[in-house]
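J.: Before we start, here is the structure in question, set down as structure tokens.
Read the figures in this text as sums done on the coordinates, not as results from a lab. Here the structure is a predicted model, which is why all the values come from computation and not from measurement. Cβ coordinates were reconstructed from backbone atoms using ideal geometry, including for glycine residues, and neighbour counts include every protein chain displayed.
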Amino acid sequence: MQINIISPNFKSLEKQLTLTFPDIIVILGDLQLESADIVFGLPKLDKLSELKHLKFVQLQSAGYDFLLRKENLGHIRFASASGAYNDSISEHMLTMNLNLFRHFNLHRDYQNKSIWQKWSQIKPVKLIKGCTVLIVGLGQIGGAYAKLIKQMGAHVIGLRRSNLAKPEYVDELYLSDKLESILPLADVVAISTPLDESTKHLFNQNMIDKMKDGSILINIGRGSIVDTEALADALESGKLSGAALDVTDPEPLPKEHRLWKIESAIITPHCAGGSGKTGIREATERIFLANVSKFLNGEKLINEVNLSVS
């Protein structure tokens, strides 16, 4: 049996695999990929279906929407890295929330111009304490953000597709079909739902119009969940007081797009997952090591992906 670690930066994982599974050939990189039984990382998508020997792919990402559109992958089992990014992305969401409530982006603009401008006297500062936060997609990442925001005194409403067992860090929990009726109540709408046919352009002009006047939108899910032009219109008109986007549609956002120039928009380049000392690398490696054992024993994988669900 052969395992390929696509990224050459995971030498420590190579050592762990060799020690834990001494009978398995471990290759760092994509050499002899056609002979691989297991892959850590993602081979080129256009070549994936050609790897007939491949049986299991451990993704390094929490999302997997890019696989839903691919055919002839039925011979491969996939597992995501869901859970590895919870802390980093939820802290990014909280930072975005505070930034828009405190107008740090505007202060920075004036700092760059060497202007002492008290924006807090021009635009009211908002508190998280007492505000209503709607989390669209209360999964692991949305739940981690809910815990943070709840501790700061927010009223937290969660939406999910199934499982209405309410966690203690959520005040209200509903199925996703209640979105339209709850939107007008929320001061903050945070999107952390996966992308599929049911969520593509979920936040179109009609849905954004239903949002509370002066509310903010945070998106760390996928860019095409939000209609970019409708969002830009809402920001320019003042319907929304701000938006923080770690993902855009298209991505990357073209340099000439008007959204770059809207002062109430904060755009980060799909970096909420973080890097460095965020623990993501170690968490992903732990998931993979456990999944190799489960695969060898014929067990269900941690975060196993069902590509038939779209």
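J.: So what are the three principal axis dimensions of the stretch 53-178 from its Cα atoms, in whole Å, longest to shortest?
T.: Extents along the principal axes: 64, 38, 23 Å.
J.: How do 256-265, 228-237 rank on mean C-beta neighbours within 10 Å, highest first? Before the final figure, lay out each step's value.
T.: On the way: 256-265: 14.4, 228-237: 17.8.
Those peptides, ordered most packed to least, come out 228-237, 256-265.
J.: Once you order the gyration tensor axes a ≥ b ≥ c over the Cα atoms, which shape class does the stretch 165-310 get: rounded for a/c under 1.5, otherwise prolate or oblate by comparing a/b with b/c?
T.: Verdict is prolate for the stretch 165-310.
J.: Once the piece of chain linking ARG258 and ARG102 is laid out straight, how much longer is it, given 0.36 nm per residue of separation minus the C-alpha distance between them?
T.: Working it through step by step, the gained length comes to 53.9 nm.
J.: Then there's this: By average Cβ neighbour count within 10 Å, what is the ranking of 53-62, 153-162 from highest down?
T.: Working: 53-62: 20.5, 153-162: 18.3.
So the peptides 53-62, 153-162, ranked by packing, come out 53-62, 153-162.
J.: Sticking with this one: Mind giving me the FRET efficiency for ALA290 and THR268? R0 is 41 Å, r the Cβ-Cβ distance, nearest 0.05 is fine.
T.: So, using R0 = 41 Å, E works out to roughly 0.85.
J.: Could you pull the Rg and Dmax for the chain, using just the Cα atoms, both in Å?
T.: In order Rg, Dmax, the Cα atoms of the chain give 21.4, 67 Å.
J.: Treating only the Cβ of Lys, Arg, Asp and Glu as charged (+1, +1, -1, -1), what charge dipole size does the stretch 14-147 show about its Cα centre? Round to the nearest 20 debye.
T.: 980
J.: Could the peptides 69-78, 136-145 be put in order, highest first, of the mean number of other beta-carbon atoms found within 10 Å of their residues?
T.: Sorting 69-78, 136-145 by mean packing, highest first, produces 136-145, 69-78.
J.: Let me ask something else about it. What number in nm² do you get for the stretch 86-267 if you take the convex hull of its Cα atoms and divide its surface by four?
T.: Across all orientations, the stretch 86-267 yields a mean hull projection of 10.3 nm².
J.: If each of THR95 and GLU197 carries a label point 7 Å out from its Cα toward its Cβ, how far apart are those two points in nm?
T.: Modelled inter-label distance: 3.7 nm.
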